[in-house]
Amino acid sequence: MNVNEAWFDPQTGVDRVSTQTTFPGGGPFPPQVTLRDATRAFMQAEKNLNPLPATSMQSRYLNPWAVIRDWAAAGDARVAGRELYRDYMRVVLARATPDGEQRLFLDPKNGFPVKFELQEKHYLWGSAASSTCIRIGH
């Protein structure tokens with residue numbers, strides 16, 4: 001069983017997630033602390049910060065406030081059009097990143113992000129990309 005505690009600072013864009021694991025008959029174990037901003041992720045080990053792979057950024061995309069902060073700070077988003085998602089037309093924003101294009105689907109009524117889409121490299125072949133859709137918000 002995991003107990004998570006997450007904090008997000010909108011001014012710096014850093015989120016901190018503390019995860020404490022307990023097994024039946026064992027634990028609780030010391031919490032694992034992860035720190036992330038828009039481009040990097042680190043695991044805290046005692047007093048050191050150890051870098052984490054880019055795949056550890058995916059859970060950040062589930063926080064709509066972090067997504068909005070990252071896109072606003074990047075400043076390179078453009079309107080890519082409108083697209084049907086969950087039976088409603090959505091405004092689609094796009095931006096280029098070193099890892100490929102990302103797309104953000106917004107509810108046109110309130111501007112709330114409802115879907116985040118990115119291209120991920122295949123873990124084995126690298127160049128063959130697969131689309132990952134992360135439903136955020138409601």
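Residues in the stretch 87-111 that are open to solvent by 50 Å² or more (accessible area, probe 1.4 Å) and either touching a residue at least 40 places away in the same chain (Cβ under 8 Å) or hydrophobic (A, V, I, L, M, F, W, C) (or both): MET89, ALA96, ASP99. Taking the criterion of being of a type in the set (Gly, Ala, Ser) and under 16 Å from PHE116 (Cβ atoms), would at least one residue in the stretch 39-46 satisfy it? No, the stretch 39-46 contains no residue that is of a type in the set (Gly, Ala, Ser) and under 16 Å from PHE116 (Cβ atoms). For the stretch 74-86, the criterion of being surrounded by 12 or more Cβ atoms within 10 Å (Cβ to Cβ), touching a residue at least 40 places away in the same chain (Cβ under 8 Å), of a type outside the set (Asp, Glu) and part of a helix (DSSP H, G or I) is met by no residue.
How many residues are surrounded by 11 or more Cβ atoms within 10 Å (Cβ to Cβ) and either outside any strand (DSSP E or B) or touching a Lys or Arg at 6+ places or on another chain (Cβ under 7 Å) (or both) when one looks only at the stretch 35-54? Talk me through it step by step, then tell me what you get.
Initially, the stretch 35-54 is screened for residues surrounded by 11 or more Cβ atoms within 10 Å (Cβ to Cβ), giving 35-44, 49, 52, 54.
Keeping just the survivors that are either outside any strand (DSSP E or B) or touching a Lys or Arg at 6+ places or on another chain (Cβ under 7 Å) (or both) gives 35-40, 52, 54.
Of the residues in that region, 8 qualify.
Residues that are surrounded by 15 or more Cβ atoms within 10 Å (Cβ to Cβ) and either without any contact (Cβ under 8 Å) to a residue 12 or more places away in the chain or among the hydroxyl-bearing types (Ser, Thr, Tyr) (or both) within the stretch 23-34 comprise just one, THR34.
The values are calculated or read from the model by the stated rules, or taken from the named source; none is laboratory data. Treat the numbers as computed from the prediction; the structure is a model and nothing was measured. So basically every Cβ, Gly included, is an ideal-geometry build from the backbone, and we count neighbours across all protein chains shown. We work out accessible area using only protein heavy atoms, side chains counted, and drop any ligands, DNA or RNA first. Shrake-Rupley method; radii C 1.70, N 1.55, O 1.52, S 1.80 Å.
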